[in-house]
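Engineer: Once you've had a glance at the structure underneath, I'll fire off some questions.
The values are calculated or read from the model by the stated rules, or taken from the named source; none is laboratory data. Predicted model only: the values in this text are computed from it and were never measured. Cβ: placed from backbone, ideal geometry, glycine included. Neighbour counts: every protein chain shown.
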């Protein structure tokens, strides 16, 4: 999963720690998400989007090539 979390977070002048506190996770979790090393749940994605005043599409997306063959069979 790709994301623009760092850009969105900086635009609303939040540190990783501040964002983490707003959404109920650790600063390390926010760091891992920004680096693309952790895929958050949909619920956490939505909490993050509300905290930075962005839509889900603004912050998170998946490239077509990232889907496995199983994911694309019905498309």
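Engineer: Hey, among the residues in region 2-22 that are without any contact (Cβ under 8 Å) to a residue 40 or more places away in the chain and assigned to a loop (DSSP other than H, G, I, E, B), which one's surrounded by the most Cβ atoms within 10 Å (Cβ to Cβ)?
Structural biologist: Residue satisfying both the conditions and the ranking: 14.
Engineer: Something else about it: Contact list please: Cβ distance under 6 Å, first residue in region 23-37 and farther than 15 Å from residue 52 by Cα, second residue not in a helix (DSSP H, G or I), pairs at least six apart or on different chains.
Structural biologist: 32/38
Engineer: Considering only residues that are assigned to a loop (DSSP other than H, G, I, E, B), in contact (Cβ under 8 Å) with a residue 24 or more places away in the chain and closer than 28 Å to residue 67 by Cβ, which ones fall in region 38-55?
Structural biologist: Once the filter is applied, which keeps residues that are assigned to a loop (DSSP other than H, G, I, E, B), in contact (Cβ under 8 Å) with a residue 24 or more places away in the chain and closer than 28 Å to residue 67 by Cβ, region 38-55 yields 39, 52, 54.
Yes or no, residue by residue, for (1) surrounded by 17 or more Cβ atoms within 10 Å (Cβ to Cβ); (2) at pLDDT 95 or above:
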site	(1), (2)
30	yes, yes
42	no, yes
58	no, yes
70	no, no
